[in-house]
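Novice: Encoded as structure tokens, here's the structure I'll be asking about.
The values are calculated or read from the model by the stated rules, or taken from the named source; none is laboratory data. From a predicted model like this one, the values you see are computed outputs, not experimental measurements. Counting neighbours? That spans all protein chains shown, and the Cβs are built from the backbone with ideal geometry, glycine included. In case anyone asks, the SASA skips ligands and DNA or RNA and just uses the protein heavy atoms, side chains included. Shrake-Rupley method; radii C 1.70, N 1.55, O 1.52, S 1.80 Å.
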Amino acid sequence: MPPLIGIAKMAAQGPLLEAKAQVEYFEIAARSILNRTKPNMPFEWTINPYRGCEFGCQYCFARYTHEFMGMEDGRTFESKIYSKAAAPEILRAELRTTKRDEHIAIGTATDPYQPAERRFGRTRAILEVFAEEKGRRLSITTKSDLVARDVDLLREVARRNVLSINLTVTTLNRRLARLMEPRAPRPDLRLGAVHTLAEAGLNVGVFPNPILPMITDSEEHLDALAGAARQAGAQYFGGGPLFLMSCARKIFFPFLEQHYPKLVQPYRRLYGHSGYLGPGYKAELRERVQRVRDRHGLASAPVEYRPELWEGEEQGTLFPLH
Ligand code: SF4
């Protein structure tokens, strides 16, 4: 076996912090917290306080991040969780090198409020740094109601920065959610978090992503989600189809074979040549999501970044919920 190098070597040397029945938590040294994205992404920087994600969604495309650490079996992504050990001073120093209006997205390759966060508080420590900042443009994406734990801190961050919080809710059907996202919080708990955050005056939206062809893409299904999101206080509702890269296929197709055998062939046709769906399906889905949004009075995205509007003001005052 070739010697381990880089991130794979660091992962192999990371001390074990704790072990549960199915999950082990390790610490991994991190020299950096902010990651620069490639051009044409909707954000310039990402922060992922953990590597791996215990929620274990069948469609998760982020499993490739464990492949970088020499773990090719897709399931280790959800059973070996690495908590990044990086001092807040590192983030403060890195922020000094960024422009204020650059968008920093928290939780793009793992859920920042997965169960590890209860134990290690890495996401909270990062938010504490942003609470000292001014004029930053931030977003958080999660499937977890644990985000509501930080409501006071999030309000503090949003006082002087533009903050949007995206709750992912793919279905209201608990059984389907359990199949697709085995260890993620129930949909009603996620919507409860939307309610808590919205009541606190925070800018919160719901994303039904990834929308799965022939499973969660009907107008009826999306309409029910959008209605529940609106009722909980969401301001915007996103919506994009499943992206099926190779690391996700290894898990997703066995899932289909077990639970939706009749969909295996249609999915092979849809995703035969690429991880992306064709433009025809995407255009039709876009229109469907827009109809649903219009019906429930939801925006397509968080409020735009307009610092001149809120200089010296509180975000909640400028963008009232109702
Ligand atoms: S919550 Fe997100 S990162 Fe975690 S397993 Fe699901 S899709 Fe992947």
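Novice: Apply the Debye scattering formula to the stretch 12-154, with a single equal point scatterer on each alpha-carbon and no solvent, then give log10 I(q)/I(0) at q = 0.10, 0.11, 0.14 Å⁻¹.
Specialist: The calculated log intensity ratios at q = 0.10, 0.11, 0.14 Å⁻¹ are -0.33, -0.40, -0.65.
Novice: Take each of the peptides 162-169, 254-261, 197-204, average the number of other beta-carbon atoms within 10 Å over its residues, and list them starting from the highest.
Specialist: Result, highest mean first: 162-169, 197-204, 254-261.
Novice: Over the chain, with every protein chain in place, what whole percent of the accessible area is carbon and sulfur at 1.4 Å, could you tell me?
Specialist: Of the solvent-accessible surface of the chain, carbon and sulfur hold 52 percent.
Novice: Output the relative contact order of the stretch 24-158, whole-number percent, from Cα pairs under 8 angstrom with separation of 6+ residues.
Specialist: Averaging sequence separation for qualifying contacts and normalising by length gives 29 percent for the stretch 24-158.
Novice: Give the accessible surface of the stretch 159-318 per residue, rounded to a whole number of Å², with probe radius 1.4 Å and ligands, DNA and RNA excluded.
Specialist: Per-residue accessible area for the stretch 159-318 comes out at 47 Å².
Novice: Restricting things to Cα coordinates, could you compute the convex hull volume per residue of the chain in Å³?
Specialist: In the chain, the Cα convex hull volume per residue is 145 Å³.
Novice: Leaving ligands, DNA and RNA out of it, rank MET69, MET214 by accessible area with a 1.4 Å probe, largest first.
Specialist: So, going from the largest accessible area down, we get MET214, MET69.
Novice: Let me ask something additional. So, with +1 on the Cβ of K and R and -1 on the Cβ of D and E, and no other charges, what is the size of the charge dipole of the chain about its Cα centre, to the nearest 20 debye?
Specialist: Rounded to the nearest 20 debye, it is 660 debye.
Novice: Along the Cα-to-Cβ line of LYS20, 7 Å from the Cα, sits a label point; which residues in the stretch 108-127 have backbone N less than 19 Å from it?
Specialist: Backbone N within reach: 110-124.
Novice: If we count every other residue with Cβ under 11 angstrom of ARG31's Cβ, Lys/Arg +1 and Asp/Glu -1, where does the sum land?
Specialist: 0
Novice: Per residue and in Å³, how big is the convex hull formed by the alpha-carbon atoms of the stretch 253-306?
Specialist: 153 Å³
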